[in-house]
1. Length gain on complete extension for the stretch Asp168 to Ala237, per 0.36 nm per residue less the alpha carbon to alpha carbon distance?
2. Could you give the distance between the Cα centres of the range 55-81 and the range 1-46, to the whole Å?
3. Which percent, to the nearest 5, of DSSP beta bridges fully inside the range 115-257 are antiparallel?
4. From the helices alone, meaning DSSP H stretches of at least four residues, give me the mean residue ellipticity at 222 nm for the chain, per-run term -39500 (n - 2.57), in deg cm²/dmol to the nearest 500.
5. I want to check the label-to-label distance for Asp55 and Thr150. Put each point 7 Å from Cα in the C-beta direction and report it in nm to one decimal.
6. Check cross-link reach from Lys126 to the lysines: straight Cα distance under 21 Å, and skip same-chain residues fewer than eight apart.
7. Would you look at the GNM of the chain, springs on alpha carbons closer than 10 Å, and say which of Gly17, Gly43, Gly133 moves the most?
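Values quoted throughout were computed directly from the atomic coordinates according to the rules given, and no laboratory measurement underlies them. Note that the coordinates shown come from a computational prediction; the quantities given were computed from them, not determined experimentally. Don't worry about glycine lacking a Cβ; one is built from the backbone with ideal geometry, like all the others, and counts go over all protein chains shown.
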Amino acid sequence: MVVTDSQVERWLREDLGHHDVTNDVPGETTGRLVAKDTGTVAGLDAAEAVFRYLDVTVTDRRENGERVEAGEPVLRVEGPARAVLRAERVAVNLVSHASGIATRTHEAVAAARAERDDVRVAGTRKTTPGLRGIEKRAIVAGGGDTHRLTLSHMVIVKDNQVAELGLDDAVSRARERASFATKIEVEVETPADGRRAAECGADIVLFDNLSPEEVESGVEVLPEGVLAEASGGITIAEVPAYARTGVDVVSLGSLTHSAPALDLSFRTGE
């Protein structure tokens with residue numbers, strides 16, 4: 001995902017308004033963005049795009065996905081003081097938010113890896129409108145999988161589609177309309193429905209809001225070659241238990257919708 005000038009313009013317009021007196025400061029300056037907590041950094045490419053848009057030079061920065069300790073600088077800039085100050089809050093907010101997601105993802109991946117090396121930890125579409133690209137890249141920085149980026153990347157037959165069409169018709173309708181290259185995932189709410197979904201043609205079965213024990217029993221009866229995913233309010237503390245069930249993917253909406261921001265501070269003249 002490339003941060004475009006139009007995105008940066010929207011972010012800056014939202015923050016600056018039409019008459020910014022606060023940052024009307026003459027001269028040249030330097031600045032640095034510093035971590036106040038330990039975590040995994042992300043969003044630095046977006047922050048750099050904001051500074052660059054205002055003709056501020058990024059002289060040094062860490063890489064997305066790096067672990068940082070409290071007190072360590074993650075980005076340094078130099079340029080006109082007015083431009084540095086105008087870019088600073090937008091850049092800090094982006095990096096804080098993205099780094100919080102990356103840090104939470106890193107924790108979830110570590111919890112899964114403690115049980116199995118081959119299980120993926122994935123995000124969901126529970127993202128902030130306008131920031132999905134930033135948030136999905138933050139998941140990758142934390143070692144996770146983005147899952148589908150948009151509705152066009154994969155068909156997921158969920159409870160609402162099943163309620164409208166029935167399981168068999170929902171899957172067959174999706175199969176008729178989707179490309180041969182598009183995978184079809186089916187969300188089920190009982191272990192037995194997992195086998196049924198696979199027999200209907202699902203490439204992936206998503207066990208939703210089931211206990212680890214229920215998921216394990218559902219995975220055991222899936223045909224060979226059908227992937228299994230567990231989702232539905234799973235916490236990081238519960239990730240190991242779901243990893244032990246044999247699923248291929250554990251997905252957590254909380255990676256994006258509930259990740260606390262990583263605390264960062266920006267100081268000029270340093």
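1. Roughly 21.3 nm would be gained on extension.
2. Taking the Cα centre of the range 1-46 as reference, the centre of the range 55-81 is 12 Å away.
3. 0
4. Numbers: 10 runs with 111 residues, N = 270.
Result for the chain, helices only: -12500 deg cm²/dmol.
5. Between Asp55 and Thr150, the label points sit 3.5 nm apart.
6. In chain and number order, the partners are Lys136, Lys158, Lys183.
7. Gly17
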